[in-house]
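K.L.:
I'd like to ask some things about the structure below.
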Amino acid sequence: MIQKLFGSMTARIFLILATGTVLCGLLVMFVTSYERRALDDQIRIRHTVERLEQLMLLLDSSPASAQPAIASVAAHYGVRITFRPTEKLTDPVSDSGMTKAIRDAFSATRPVTVVQSEGPDCSFAPPPHGFLMVDTKSCERLQTVLKDGTPVLMDVSDRRRPPPPLGGDFALNLFLFLGGLCLLAWWAAHMATKPIRKLASAARALSNNIENPPLPVVKTPHEVRDAVTAFNNMQSSIRQHIEDRTHMLAAIAHDLQTPLTRLRLRFEKVQDEALRGQLIEDLGNTQAMIQEGLEFARISSTDSPRVKTDLNSMVESVCNDAIDAGFEVHFEGRVNKALNATPHALRRCLCNVLDNALKYGRYATVRLYEREHMACIDVEDGGEGIPEHDMESVFQPFKRMENSRSRNTGGTGLGLTTAKIIIERHGGAIALKNLRVGRDGPVVGLRVTLSIPL
């Protein structure tokens with residue numbers, strides 16, 4: 001399933017564009033998030049230092065009786081103040097960004113020791129503005145003295161912004177971003193492969209009708225223009241080759257008419273009636289083979305316009321013609337829809353299949369029915385069938401199966417070949433199947449199934 005899905009160039013280009021853009025977007029988001037966190041840390045450090053400077057100025061200018069009240073208010077904002085602490089801080093071996101900034105701010109005016117701490121010493125109440133900050137259970141411990149000489153210890157909670165939530169607007173924006181990205185990637189892949197799809201469509205149409213107009217070379221990318229030009233040149237060469245072949249066959253057939261007519265007149269003068277009949281029959285077979293070859297060349301090189309065709313009437317008419325000619329033919333079934341077809345060619349296809357059935361199977365049963373939006377025609381005979389390994393080779397031109405045909409039956413081996421060409425030009429298919437008695441019993445006939453889109 002996956003191999004089939006990504007077997008097209010459009011899907012592959014879409015996958016490359018979508019995957020590459022998503023990876024680039026994730027990289028940009030990672031770098032942006034990293035830079036944002038670094039900027040947040042700088043802003044957080046600056047704001048913390050400013051608050052501590054303001055708090056120290058407030059304590060320096062307040063009487064001793066008001067300082068406990070100021071400390072109580074500061075605790076609600078993440079700063080715990082202890083007056084006349086009993087413990088003594090020592091200078092750290094290394095500085096964090098916060099400790100260095102605090103030390104630089106206070107060292108010029110008063111003695112200060114700043115360390116970074118984690119654990120029980122930092123387990124005081126977080127600031128009330130929890131929607132902006134979170135308590136990380138780490139703090140900066142600042143030990144200094146006020147202007148009046150009172151030693152103080154300040155524990156400052158390390159408040160950081162939480163990561164953005166994954167719900168709400170973030171999820172909606174992410175969905176819109178990925179959706180827009182997929183649409184853009186699919187549109188780019190569709191536009192990139194559009195010339196190739198046109199080229200493939202033209203190649204399929206070329207197999208049905210060599211007379212299709214050439215592809216336009218304007219408004220195509222430079223990379224595709226050379227391929228389109230080469231395709232048009234190839235189509236022109238094939239058309240010229242087929243025209244030359246058809247003209248050659250027509251000229252040969254025309255030139256043979258005169259000597260064949262003279263031969264027929266001379267055969268009429270043969271005194272031996274049996275010999276005269278054999279010669280005239282061989283001459284008639286020769287003329288029929290020439291005409292069949294010309295018809296095959298004409299059908300394989302041209303495609304007539306298609307019209308709405310009543311398949312019920314056509315199949316019934318072909319069967320009635322065979323019945324009038326003395327053959328045993330049984331017809332049944334019908335379809336409820338008309339189909340676009342070339343009536344003359346489709347009738348030729350049915351006649352070839354039915355003629356083969358009557359020639360090698362003695363009788364024929366024709367069934368017409370619908371299946372999966374297809375008009376199906378089964379032609380069954382009572383002959384010896386065809387070996388399984390030769391089912392495909394019988395559609396090759398001039399191929400004759402020795403077990404079911406002989407030179408005495410006439411024919412050129414073009415009947416099924418012509419039928420296959422005609423049915424495939426109508427978008428259909430032809431299939432062969434031996435009829436058996438039971439599952440592994442002897443072959444009692446051959447079924448030829450023609451399927452044509454309605």
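What follows is calculated from the coordinates using simple rules that are stated; it is not laboratory data. All of these numbers come straight from a predicted model, not from anything done at the bench. Cβ: placed from backbone, ideal geometry, glycine included. Neighbour counts: every protein chain shown.
K.L.:
Specify whether the C-alpha gyration tensor of region 225-381 places it in the rounded, prolate or oblate class, a ≥ b ≥ c being the square roots of the eigenvalues: rounded for a/c under 1.5, otherwise prolate if a/b is larger than b/c and oblate if not.
P.N.:
oblate
K.L.:
Further, regarding this structure: I want to check the label-to-label distance for residue 190 and residue 429. Put each point 7 Å from Cα in the C-beta direction and report it in nm to one decimal.
P.N.:
2.9 nm
K.L.:
Using alpha carbon coordinates only, what is the Rg to Rh ratio of region 46-85, with Rh defined as the Kirkwood radius? Write out the running numbers ahead of the final one.
P.N.:
Details: Rg = 9.9 Å, Rh = 10.5 Å.
My calculation puts Rg/Rh at 0.95.
K.L.:
Right, next: Say each of residue 203 and residue 117 gets a label point 7 Å from the Cα, pointing the same way as Cα to Cβ; how far apart are those two points in nm?
P.N.:
Spacing of the two 7 Å Cα→Cβ label points: 7.8 nm.
K.L.:
Taking 0.36 nm per intervening residue step and subtracting the Cα-Cα distance, what contour gain separates residue 246 from residue 175 on full extension?
P.N.:
On the way: separation 71, 0.36 × 71 = 25.56 nm, distance 6.21 nm.
Result for the pair: 19.3 nm of gain on full extension.
K.L.:
Something else about it: With 26 Å as the limit, write out which pairs from 359/433; 194/337; 100/147 have Cα-Cα distances beyond it, or answer none.
P.N.:
Working: 359/433 17 Å; 194/337 33 Å; 100/147 22 Å.
Cα-Cα > 26 Å for 194/337; rest within.
K.L.:
Further question: State, to one decimal in nm, how far the label point of residue 286 lies from the label point of residue 363, with both points 7 Å from Cα in the Cβ direction.
P.N.:
Simple spin-label model gives 3.9 nm for this pair.
K.L.:
Around residue 29, with a cut-off of 13 angstrom between Cβ atoms, what is the net charge of the other residues, counting Lys and Arg +1 and Asp and Glu -1? Walk me through the numbers on the way to the answer.
P.N.:
On the way: positive: 36, 37; negative: 35.
Here the count lands on +1.
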